[in-house]
Amino acid sequence: MKLTSSILFSLASVTPLVSGHYVFSKLIVDGKTTQDFEYIRRNTNGYQPTLPSDILSNDFRCNQGSMESAANTKVYTVAPGAELGFQLAYGAQMKHPGPLQIYMSKAPGDVKSYDGSGDWFKVYQEGLCADTSKGIVDEDWCTWGKDTASFKIPENTPAGQYLVRVEHIGLHRGFMDKAEFYFTCAQIEVTGSGSGSPSPVVKIPGVYQPEDPNIHFNIYYPTPTAYDLPGPSVWSGGSAGSVGTSASPAVTATAPAVNNNAASAAPTTMTTLTKSSAKPTAKPTAKPTAKPTAGAGTGCGSSVSSSAGAPAGVLKKYAQCGGLNWTGSGSCETGSTCHQYNPYYHQCI
């Protein structure tokens, strides 16, 4: 049955009444939860989301009015490998359908006076965590019903002070050009002697455009079966010159010696996603059987190590087969071809 625009509007307008708005107010470090806005810059627009019409504003960095509270916000000192998390205020849950992403930006000096105008790199993302061949439903999103999101600081993160920006995008009104962005920034200091070169880097604002297809996205009709995450690929956390890679679009795949979300040190089977303008041509049915345990994460909330290089020789289906700064070699196995999804990621499909 064809859904009219009036029905779609009704569906979207009811959702906020049920799910409500929310804000990330607590930083969690290695399982320890801090106080509301103790290490997170307090915004001045409360629980209200940012809409696409405002994502080209400087307020899109850490939210409206957050710079006003920066000087009074504490800085949490952490070591590479520590687990950082964000929690919603007052028992709220992420019950808007959409992806979650976490970015970091190194301050040139004191993070309390840093406005976020420098480079940002992505360290984590969550998209879809289920077989969506029959259409995406709310529960397919990795974040659905959760109140926290966490990741591990990549081992090679250079020492210094950083803004860490968590972002959840509610797509329930995306078809109306009113996708909802919920985001805040924590202030941290990373210790150690990491020598990595985070990449790819982006500017905020500028990382997204209001008309991007994964922002102006209709989750109702026609029923989508895939979603490409917005923004850059996730930094692998590897040595200088390495680059994080995106993964295959809404597929479940077995990757040989390289995680299709961020460079991996061991074979793993998982559900993966990517930012891409191309649509998947095939979708296997195997379910994930293993979950990586360390490093920078992407996709469905998984985390992986990034000390190994890319594979060589015959590349299995759904393995990475090219991209900027990819150091592997070899060709796709018989029956699959190397497809370019974006400049950073090519995959055997």
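FYI, it's all coordinate maths here, none of it is from the lab. Small disclaimer: the values here were computed from a predicted structure and weren't measured. Note that we place each Cβ from the backbone using ideal geometry, even for glycine, and neighbour counts take in every protein chain shown.
Worth pointing out:
- From most to least packed by mean Cβ count within 10 Å, the peptides 210-219, 99-108 give 99-108, 210-219.
- Estimated translational D of the range 5-232 in µm²/s (Stokes, Kirkwood radius over Cα pairs; 10 °C; 1.306 mPa s): 89
- Of the residues HIS339, HIS168, HIS346, the one with the fewest other Cβ atoms within 10 Å heads the list, and the complete ranking is HIS339, HIS346, HIS168.
- Förster radius 25 Å - calculated FRET efficiency between SER197 and SER329 (Cβ-Cβ, nearest 0.05): 0.65
- For GLU139 and TYR47, the FRET efficiency from 1/(1 + (r/R0)^6), where r spans their Cβ atoms and R0 equals 22 Å, is about 0.45.
- Placed amide H near ALA319: partners under 5 Å, 5+ positions off or other chain: CYS348
- When peptides 169-175, 193-199 are sorted by average Cβ neighbour count within 10 Å, with the highest value leading, the order is 169-175, 193-199.
- Each residue of the range 28-44 was assigned a 3J(HN,Hα) from its phi angle through the Karplus curve 6.51 cos²θ - 1.76 cosθ + 1.60 (θ = phi - 60°); the sequence is 10, 10, 6, x, 8, 8, 8, 7, 4, 6, 6, 10, 10, 4, 7, 8, 9 Hz, with glycine and proline shown as x.
- Spatial separation of Cα centroids for the range 106-162 and the range 179-216, in angstrom: 8
- Taken over the alpha carbons of the range 159-216 as equal point scatterers, the Debye sum produces base-10 log I(q)/I(0) values at 0.27 Å⁻¹ of -1.18.
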